[in-house]
Amino acid sequence: MTAKKIRHYLQFNDFSLDEYEYVLERARILKRKFKNYETYHPLHDRTLAMIFEKNSTRTRLSFEAGIFQLGGHAVFMSTRDTQLGRGEPIEDAAQVISRMVDIIMIRTFGQDIIRRFAENSRVPVINGLTNEYHPCQVLADIFTYYEHRGPIRGKTVAWIGDANNMLYTWIEAAQILGFRLNISTPPGYKLDDALVAKESAPFYQEFDDPNEACADADLVTTDVWTSMGFEAENEARKAAFANWCVDAKMMARAKANALFMHCLPAHRGEEVSAEVIDGPQSVVWDEAENRLHVQKALMEFLMLGKLNH
Ligand code: CP
Ligand code: NVA
């Protein structure tokens with residue numbers, strides 16, 4: 001008998017289109033069960049370890065509530081109070097932790113760290129954000145788009161701001177799910193080609209002018225100018241990004257029914273105006289809530305595979 005291959009979710013392109021269609025449909029079903037107060041415990045007695053090397057509100061809460069709602073429970077571990085903060089090798093930590101729990105979520109710095117962890121893990125590992133990728137968030141965003149407007153295939157998404165973990169994940173999503181991405185980042189903060197697969201090229205276009213990037217978009221999205229781990233660059237970034245604030249003028253270039261998304265936390269008056277994030281086109285609270293539903297579907301899929309119901 002051959003051992004079952006462990007699946008990890010380290011970046012968006014770890015799943016195929018067919019698997020995304022399945023997971024998004026499961027997210028819809030699990031959201032309905034949750035809204036109906038229906039008990040559903042397929043992960044009864046299973047344990048999720050959540051390892052945080054960076055701060056979090058949404059990721060921690062959505063994973064912890066999510067595993068609990070599926071019948072399991074979570075253990076929160078941070079660098080501050082585990083041996084990881086005192087230099088225990090990531091490979092050793094992966095060996096030990098994965099012998100005691102059934103699934104692991106990590107938020108860390110370099111993608112190489114989560115890769116090395118996964119290579120040494122006996123159980124599925126989920127990326128809860130690295131410097132390079134934030135796949136759980138983009139999964140929630142795609143689900144949110146679907147709920148409001150239907151399939152994202154063939155649509156145009158405008159990314160305004162930093163070339164960060166969210167953008168690199170949107171680029172992978174554009175290729176797998178088949179939508180166009182218009183990207184505008186300031187001079188000096190362009191895409192790192194090493195993080196973009198050649199096959200993604202037909203799915204995105206770069207614009208110097210953020211207003212041009214928004215033209216006829218179905219969805220406009222942005223994120224903080226300074227991501228976690230880059231705080232020393234904050235002042236320089238504020239100056240460089242000043243014209244990359246998503247405001248009403250930019251939104252007016254997009255389609256009349258365009259949505260606005262932001263993974264949160266947000267800085268009103270920096271990457272987005274209060275008028276836009278608190279306005280009628282914004283779906284940011286749905287995006288945040290949907291982290292719960294898509295990650296429940298993700299954990300169910302990684303641990304149980306495709307179900308027949
Ligand atoms: N969007 C997101 O990942 O939020 P947290 O940093 O609060 O987890
Ligand atoms: N790009 C941001 C996302 C926070 C959820 C960061 O990495 O800090």
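Extension gain, N36 to F230: 0.36 nm times the residue separation minus the Cα-Cα distance gives 65.7 nm.
Surface composition of the chain: carbon and sulfur make up 51 percent of the accessible area, probe 1.4 Å. The stretch between N308 and V96, if pulled fully straight at 0.36 nm per residue, gains 73.0 nm over its current Cα-Cα span. Karplus-derived 3J(HN,Hα) values for the range 279-289, using 6.51 cos²θ - 1.76 cosθ + 1.60 with θ = phi - 60°, are x, x, 7, 7, 10, 5, 6, 5, 4, 5, 4 Hz; glycine and proline are entered as x. Taking packing as the residue-averaged number of other Cβ atoms within 10 angstrom, the listed peptides 187-199, 139-151 run from highest to lowest as 139-151, 187-199. The simple spin-label model puts a point 7 Å past each Cα toward its Cβ; for R7 and Q205 those points are separated by 3.5 nm. Annotation: amide H-H contacts under 5 Å for K155 (H modelled 1.01 Å from N, sequence separation of 5 or more, or interchain): R180. For the range 195-248 versus the range 76-100, the spacing of their alpha-carbon centroids is 34 Å.
Per residue, how much accessible surface does the range 137-285 expose to a 1.4 Å probe? Answer in Å², no decimals.
Result: 41 Å² of accessible area for each residue.
The string of couplings for the range 142-152 from the Karplus curve (6.51, -1.76, 1.60, θ = phi - 60°) is 5, 4, 5, 4, 4, 5, 8, 10, x, x, 8 Hz, one whole number per residue in order, with x for Gly and Pro. For the chain, adding -39500 (n - 2.57) for each run of n ≥ 4 DSSP H residues and dividing by the number of residues yields -11500 deg cm²/dmol at 222 nm.
Here's the picture: a label point sits 7 Å out from the Cα of R149 along the beta-carbon direction, and within the range 254-276 the residues with their amide nitrogen under 11 Å of it are 254-261. Report the residues of the range 138-166 in range of a label on A65: point 7 Å along Cα→C-beta, backbone N strictly under 17 Å from it. Within reach of a label on A65: 140-141, 144.
Descending by average beta-carbon neighbour count within 10 Å, the peptides 162-170, 175-183, 95-103 line up as 162-170, 175-183, 95-103, the highest first. 3J(HN,Hα) along the range 134-140, derived from phi through the Karplus expression 6.51 cos²θ - 1.76 cosθ + 1.60 where θ = phi - 60°, amounts to 9, x, 5, 5, 5, 4, 5 Hz, with x in place of Gly and Pro.
The values are calculated or read from the model by the stated rules, or taken from the named source; none is laboratory data. These figures come from a predicted structure and were not determined experimentally. Counting neighbours? That spans all protein chains shown, and the Cβs are built from the backbone with ideal geometry, glycine included. Please note that ligands, DNA and RNA were not included when accessible areas were found on the heavy atoms of the full protein model with its side chains. Shrake-Rupley method; radii C 1.70, N 1.55, O 1.52, S 1.80 Å.
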